[in-house]
Amino acid sequence: MKRALKIVGILASVVIVLLIGFVVFVQARGIPNYTVPTLTPQTVASTPTRVELGEKLVLASCADCHLNRATNSLSGHQLLDLTPDFGQVYSANITQDPNYGIGKWSDAELVTLLRTGIGRDGRYRVIMPSFSQMSDEDVSSIVAFLHSDNAMVKPDPTPTPQQAPSFLLKALTNTVMKPTPLPTAAVVAPAPTDALAYGRYLVVGRYKCYDCHSADFKTNNALEPEKSKGYMGGGNRLLNTQQQEVVTRNITGDSETGIGDWTEEQFAKSVKYGLSPNSPLAYPMPKYSALTDEEVHALFIYLQSVPKIQNATPEDKPAIALR
Ligand code: HEC
Ligand code: HEC
């Protein structure tokens, strides 16, 4: 008996020492640095078509985090909708200011960050989403826009405050949260005429609808998005800027809890203007007002084709109670 107690005591001390070691290690290391992967080609050719598409993509997928709506500049702000468990995180100033923005970043450095989450200094930008399934052409368009003469990216000398990640976020980046690898081959979007394939591309690559609309960020699979838990079935608990919970909705083709009984017109109004037949859609659902009819159609066709999931999200409750 005494001996067993002694062994337990020794084991407990070992565990405590290891835990203290881990805490000290994480605190000292912070968010880890990585070797910056090298990319070819090194420069992105800017064309008016790319700059125009880049503006549309930035408004759809970057503005909610990076745009200061008072000044219409991508000078960044504190992410008020981030769980306080992660500490205080600020989206960076991504205007062309050489000291406070990304004025010194090369095209290749921007592409690397967008693909992997690794910055030009090697620091992992963990809260910044990575766009690993986006086509090379779309990524190039975003970079061409960031380096264009558009007013939103004009040098703005607003400093980005020092990031204050919590111990939890630092611990996660030292264990499970990792940069995504650079694609090993060219990433080419399917032709818009193939609505099903194009719709899939929009959902997993261009707009990353799946990231918010699957069960949880923690169980999403960046490299094989369809393997994300509850793919497109909603239920991911997000926050708005007042830190109130907003649950994402089921947008699979299930007719009771998803959008299986919707018309394409109802879908278009929801996605572009937030006018869902269930109720107006609030932040953080983006307003994709610049979607083309072709994109809306492809999204609709594809979403109706994904495996149906029966998952009632909060807006379904009144409708179900009426039956
Ligand atoms: C969920 C919010 C969010 C979205 C959406 C987002 N970002 Fe970020 N981004 C961040 C945060 C937070 C950082 C800073 C992270 C850090 O320093 O740790 C960042 C950093 C960056 C940086 C690095 C700047 C620097 O100086 O370190 C660039 C460039 C950037 N984002 C571009 C973009 C682009 C382009 C898009 C859209 C395609 C985008 N971001 C979408 C949150 C976001
Ligand atoms: C940043 C996270 C986020 C992204 C990205 C996102 N959504 Fe949403 N979406 C939400 C949230 C949150 C709601 C619920 C809003 C509410 O309850 O007011 C929602 C609601 C919806 C609804 C309404 C469903 C219903 O039953 O009323 C549709 C349709 C929708 N999203 C489609 C899309 C599509 C298509 C995309 C990609 C083009 C997309 N969403 C990308 C967060 C997101």
message: Suppose the filter is charged (D, E, K, R), more than 8 Å from ligand 2 (Cβ to nearest atom) and open to solvent by less than 40 Å² (accessible area, probe 1.4 Å); does K272 pass it?
response: yes
statement: L18 fails exactly one of (1) touching a helix residue (DSSP H, G or I) at 6+ places or on another chain (Cβ under 8 Å); (2) open to solvent by 40 Å² or more (accessible area, probe 1.4 Å); (3) without any contact (Cβ under 8 Å) to a residue 60 or more places away in the chain, namely (1)
message: Can you tell me which of (1) closer than 23 Å to Y201 by Cα; (2) surrounded by 20 or more Cβ atoms within 10 Å (Cβ to Cβ); (3) near ligand 1 (Cβ under 7 Å from one of its atoms) is the one D64 doesn't meet?
response: (2)
task: Report, by residue number, each residue of segment 218-236 that is open to solvent by 20 Å² or more (accessible area, probe 1.4 Å) and within 14 Å of the chain's Cα centre (by Cα).
output: K218, T219, N220, N221, A222, L223
message: Name the residue that is surrounded by the fewest Cβ atoms within 10 Å (Cβ to Cβ), counting only residues in segment 79-95 that are within 16 Å of ligand 2 (Cβ to nearest atom) and of a type in the set (V, I, T).
response: T83
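So, in segment 237-261, how many residues would count as being part of a loop (DSSP other than H, G, I, E, B), on the phi < 0 side of the Ramachandran plot and open to solvent by 40 Å² or more (accessible area, probe 1.4 Å)?
Within segment 237-261, residues that are part of a loop (DSSP other than H, G, I, E, B), on the phi < 0 side of the Ramachandran plot and open to solvent by 40 Å² or more (accessible area, probe 1.4 Å) number 7.
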message: When the residues of segment 71-106 are narrowed to those that are more than 11 Å from ligand 1 (Cβ to nearest atom) and of a type in the set (V, I, T), which ends up farthest from I142 (Cα to Cα)?
response: T83
- request: Answer yes or no: is there a residue in segment 235-255 that is touching a Phe, Trp or Tyr at 6+ places or on another chain (Cβ under 6 Å) and away from ligand 1 (no atom under 15 Å from the Cβ).
  value: no
- prompt: Could you list, in sequence order, the residues of segment 90-125 that are closer than 25 Å to R69 by Cβ and of a type in the set (V, I, T)?
  reply: I94, T95, I102
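The values are calculated or read from the model by the stated rules, or taken from the named source; none is laboratory data. Owing to the predicted nature of the structure, the values given are computational and were not obtained by experimental measurement. No Cβ is skipped: glycine too gets one built from the backbone with ideal geometry, and neighbour counts run over all protein chains shown. These area figures cover heavy atoms from the full protein model, side chains too; ligands, DNA and RNA do not enter into them. Shrake-Rupley method; radii C 1.70, N 1.55, O 1.52, S 1.80 Å.
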